1. So which residues in the range 156-181 are open to solvent by 30 Å² or more (accessible area, probe 1.4 Å) and more than 16 Å from ligand 2 (Cβ to nearest atom), if there are any at all?
2. Condition first: out of contact with any helix residue (DSSP H, G or I) (no Cβ under 9 Å at 6 or more places or on another chain) and not hydroxyl-bearing (Ser, Thr, Tyr). Now tell me which residues in the range 173-192 satisfy that.
3. Contact list please: Cβ distance under 9 Å, first residue in the range 157-171 and at pLDDT 90 or above, second residue within 16 Å of ligand 2 (Cβ to nearest atom) and not in a loop (DSSP other than H, G, I, E, B), pairs at least six apart or on different chains.
4. Looking only at residues that are of a type in the set (A, V, I, L, M) and part of a loop (DSSP other than H, G, I, E, B) in the range 133-159, which one is farthest from residue 98 (Cα to Cα)?
Amino acid sequence: MLFPEQTLPLSVEPSTVVAPTGDLFQRRAARLRQLASSSGAAEWLNWLAVLADAQHAAMAGLADAGLALPADFDWQSPLFAGAESGFDAAWADVYDTLRQVGPDLPPSRDAAALLPAARALLAGAATTGQRTLADVVVAAALQVVHTHAAARLILPKGHLPLADRHACPCCGSAPVGAVVLAEQGKGGLRYLECSLCATRWNAVRARCTLCDDPGVVAYFGIEDAFPAVRAEACDHCHGYIKLYFQKDDRQVEPLIDDLASLAIDVLVGEQGYARGAPNPFLLAGEAVDG
Ligand SMILES: [Zn+2]
Ligand SMILES: [Zn+2]
């Protein structure tokens, strides 16, 4: 199925970057439980809901990482660049809290060996290879420490001169998908959401999110089953990324709705397009590579 691109109101001056809010993991847990009730993957989504509850509790217990926006920051590189060692240090305690959701997850001293692969996945590098429950929880703990830092930022409203719109302006990770807003005065605005820290940044329209090609993009979806989800596929790089439309469902959460709409990935994969966005909660073999 093909869908037309939405039209944007021209009068809106959008904020380029929007930080996540402190209730992110609560919203994700609620969305997971809501979607699980009608999903064939109910057991997995309900387990992830318990993990999201644990992420919320872990984030509430974290001390301030002390990362702030410098007054003269120029947005030419990710804000958190160079702070990785601090995040990794905070990661171990969070991971050891999250691993209680189990079953049989290794302690942080062993699971730390999985950190480089988790970071590579979130950066948008190759997503192939067998991923285990421990990989999922390692990434979930990274999400907590990065989201905690991003949620405390006080970001300026309005335009910011981002050098790179392919990666998160805060942590440099790849987007998990894009949400198309339906809020009053912001209808039709498109924001990419970071797969790691959940910061959202405004995406330039009329070009491929993955390769910047201004050429034709095609839209695929399964309207009856997933009315708020479309895959945007590019005929230049043959990649796709999913869009989530608030006008069709105000509760959409890109990271979560992605997991519940894998039938769209199968459909788009059959058309020869490859998944362009990482999702740390997607196990190997669940989605079709193009
Ligand atoms: Zn980020
Ligand atoms: Zn492209």
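The values are calculated or read from the model by the stated rules, or taken from the named source; none is laboratory data. Source: prediction; values computed, not measured. Don't worry about glycine lacking a Cβ; one is built from the backbone with ideal geometry, like all the others, and counts go over all protein chains shown. To get the accessible areas, we keep the full protein, side chains included, count just its heavy atoms, and leave off ligands, DNA and RNA. Shrake-Rupley method; radii C 1.70, N 1.55, O 1.52, S 1.80 Å.
1. Residues of the range 156-181 that are open to solvent by 30 Å² or more (accessible area, probe 1.4 Å), as a first pass: 156-157, 159, 161, 163-166.
156, 157, 159, 161, 163, listed by residue number.
2. Selection gives 180, 181, 182, 183, 184, 185, 186, 187, 188, 189, 190.
3. If the second residue must be within 16 Å of ligand 2 (Cβ to nearest atom) and not in a loop (DSSP other than H, G, I, E, B), the pairs left are 167/175; 168/175; 168/192.
4. Step by step, filter the range 133-159, then rank; the result is 155.
For every residue, the table says whether it meets (1) at pLDDT 95 or above; (2) within 22 Å of residue 162 (Cβ to Cβ); (3) buried (at least 17 other Cβ atoms within 10 Å of the Cβ); (4) aromatic (Phe, Trp, Tyr).
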position	(1), (2), (3), (4)
4	no, no, no, no
10	no, yes, no, no
32	yes, no, yes, no
37	no, no, no, no
40	no, no, no, no
55	yes, no, yes, no
74	no, yes, no, no
85	no, no, no, no
